[in-house]
1. Would you say Arg60 is part of a helix (DSSP H, G or I), touching a strand residue (DSSP E or B) at 6+ places or on another chain (Cβ under 8 Å), surrounded by fewer than 18 Cβ atoms within 10 Å (Cβ to Cβ) and not hydrophobic (A, V, I, L, M, F, W, C)?
2. In the set Leu81, Leu90, Leu125, Leu115, which member is modelled with pLDDT under 95 and touching a helix residue (DSSP H, G or I) at 6+ places or on another chain (Cβ under 6 Å)?
3. Kindly evaluate Asp113 against the criterion of being touching a Pro at 6+ places or on another chain (Cβ under 9 Å), assigned to a loop (DSSP other than H, G, I, E, B) and surrounded by fewer than 22 Cβ atoms within 10 Å (Cβ to Cβ).
4. Could we say that Glu49 is farther than 17 Å from Leu246 by Cα, assigned to a helix (DSSP H, G or I), within 17 Å of the chain's Cα centre (by Cα) and modelled with pLDDT under 95 here?
5. Could you give me the residue pairs with C-beta distances under 7 Å whose first residue belongs to segment 191-212 and is at positive phi, whose second residue is modelled with pLDDT of 90 or more and buried (at least 23 other Cβ atoms within 10 Å of the Cβ) wherever it lies, and which are 6+ apart or on separate chains?
6. Consider Gln72 against the criteria (1) under 18 Å from the mean Cα position of the chain (by Cα); (2) within 19 Å of Gln144 (Cβ to Cβ); (3) crowded, with 17+ Cβ neighbours inside 10 Å; (4) not basic (Lys, Arg): it satisfies all of them except one. Which criterion is unmet?
Amino acid sequence: MDTSQPEDDVDHRPYRMESSPKGICLILHNEHFAPNEQNKRLPDRDGSEQDKLALENIFRDLDFEVECRDDQTSEQMMGILDAASTDPRLQKYDCFVCCIMSHGEEGHVFGSDGLPVLIKDMTSLFKPAYCPQLTGKPKVFLIQACQGIESMTGYEEQADATNIADLIPEECDFLIGYSTVTGYVSWRNTVKGSRYIQSLAECLEKYAASHHLADIHTMVNQQVAKPGEKTKKQACTMYTTLRKRLFLGPTPDPTATTSGADSSKKTGPK
């Protein structure tokens, strides 16, 4: 009997994250909204300033070059992303992160003018055909926005009012995290900010050095979905075509095959 082990043809090395800064973190943060062409106005997203500050702080700590754009129209959002996809700095950086916070619905997020932007149009700008500087490099989109109008079930939080199936990227090296699942709203406290962004910032601070991003997003879901007597239910989701593990903190031993050598050690940025 042949008891030899099959050859391991999996490359266990994580993505290269050695540049300093590691990459650009672009934050598109829409809090205030003007009437749209039909003279309808989306409600302001009270409390979202706390989410913006949390993301700015954690990604600066993780050695990203953070750029924030507030209250951008739909046309401006696409213009900013188009410019970001051709930024010459991407050639020397190892990663690109885009955080989008706005109202959303059925595959879209809304500009500050109340007009929709297709999420897949946003992510497509960073595929290799349009953004060769990021070929083979991880591209992360983190989206705080509703994906429908259904409520999973509690106290009065505001909702960020996107069919996910069409949003899965065709090319590799994307991770797209959503604050909620298809058909449901995403909750935001008007004082403290959203569950998703606040949990994401907390988990990145604790685990960015020891766990790769896909596992961290699972931890975020555990926190977001945690039962609470007075809270409305929510579960976040993630679509990924990453080919390797992605560590946003200091890269661990490349020979390690698990997401963290010692999950009890929380070695994120101080």
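The values are calculated or read from the model by the stated rules, or taken from the named source; none is laboratory data. A quick note: this is a predicted structure, and the numbers were derived from the prediction, not measured. All Cβ positions, glycine included, derive from the backbone under ideal geometry; neighbour counts span all protein chains shown.
1. yes
2. When all the criteria are applied, what remains is Leu115.
3. Judged against the criteria, Asp113 is a match.
4. Spelling it out, Glu49 is indeed farther than 17 Å from Leu246 by Cα, assigned to a helix (DSSP H, G or I), within 17 Å of the chain's Cα centre (by Cα) and modelled with pLDDT under 95.
5. Here the result reads Gly193/Ser48; Gly193/Asp51, each pair linking segment 191-212 to a residue that is modelled with pLDDT of 90 or more and buried (at least 23 other Cβ atoms within 10 Å of the Cβ).
6. Tallying (1) under 18 Å from the mean Cα position of the chain (by Cα); (2) within 19 Å of Gln144 (Cβ to Cβ); (3) crowded, with 17+ Cβ neighbours inside 10 Å; (4) not basic (Lys, Arg), Gln72 fails exactly one: (1).
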